[in-house]
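Report on one structure; see the data block that follows.
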Amino acid sequence: MDAGKIDSFFVANGKNLPMGKIPSLREKMAQLDDSRYAVISAVELKDVTMMLLISIFLGELGVDRFMMGEIGMGILKLLTGGLCGILWLLDVMNISKKTKEYNYNELMKVL
């Protein structure tokens, strides 16, 4: 894939990916042909800031977990009020890392 396309992808999406895994993503993307760029750019990555806001305001209802595809934990948080706020607080502190890992895994599915 063209280096310019790879750079523009990471300029637009770099903040939503784990920094330590960006070099390996660059290598994998460089090995692909240009026709795959449309597929990669079509992957909907979750915004870290938006997920933090959702976790803060709707986390006790499990909305953040539902959006990350963790249905079981979302139901648990919904029924227990975020385990009386404990799980909610832990999720607020860890949502950035979880969102970046989620985005990385979504990209790896297409690569």
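Restricting attention to segment 17-66, the residues that are part of a helix (DSSP H, G or I), of a type in the set (A, V, I, L, M) and closer than 15 Å to I95 by Cβ add up to 10. Scanning segment 83-111 for residues that are more than 30 Å from S35 (Cβ to Cβ) and either among the aliphatic types (A, V, I, L, M) or in contact with a Gly (Cβ under 6 Å, 6 or more places away or on another chain) (or both) returns L83, I86, L87, W88, L89, L90, D91, V92, M93, I95.
Every residue, every condition in (1) open to solvent by 70 Å² or more (accessible area, probe 1.4 Å); (2) in contact with a helix residue (DSSP H, G or I) (Cβ under 7 Å, 6 or more places away or on another chain); (3) at negative phi, yes or no:
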| site | (1), (2), (3) |
| --- | --- |
| K5 | no, yes, yes |
| V11 | yes, no, yes |
| L32 | no, no, yes |
| A38 | no, no, yes |
| L53 | yes, no, yes |
| L76 | no, no, yes |
| C84 | yes, no, no |
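Take the residues in segment 62-72 that are in contact (Cβ under 8 Å) with a residue 12 or more places away in the chain and either surrounded by fewer than 17 Cβ atoms within 10 Å (Cβ to Cβ) or small (G, A, S) (or both); name whichever of them is farthest from Y102 (Cα to Cα). Ranking the qualifying residues of segment 62-72, first place goes to G62. Of the residues making up segment 4-20, just one is at pLDDT below 95 and basic (K, R), namely K5. Condition test on L111, is it touching a residue at least 60 places away in the same chain (Cβ under 8 Å) and buried (at least 17 other Cβ atoms within 10 Å of the Cβ)? No; evaluated as a whole, the condition is false for this residue.
The values are calculated or read from the model by the stated rules, or taken from the named source; none is laboratory data. Since this is a predicted model, take the numbers as computed values, not measurements. Counting neighbours? That spans all protein chains shown, and the Cβs are built from the backbone with ideal geometry, glycine included. For accessibility, only protein heavy atoms count, side chains too; no ligands or nucleic acids. Shrake-Rupley method; radii C 1.70, N 1.55, O 1.52, S 1.80 Å.
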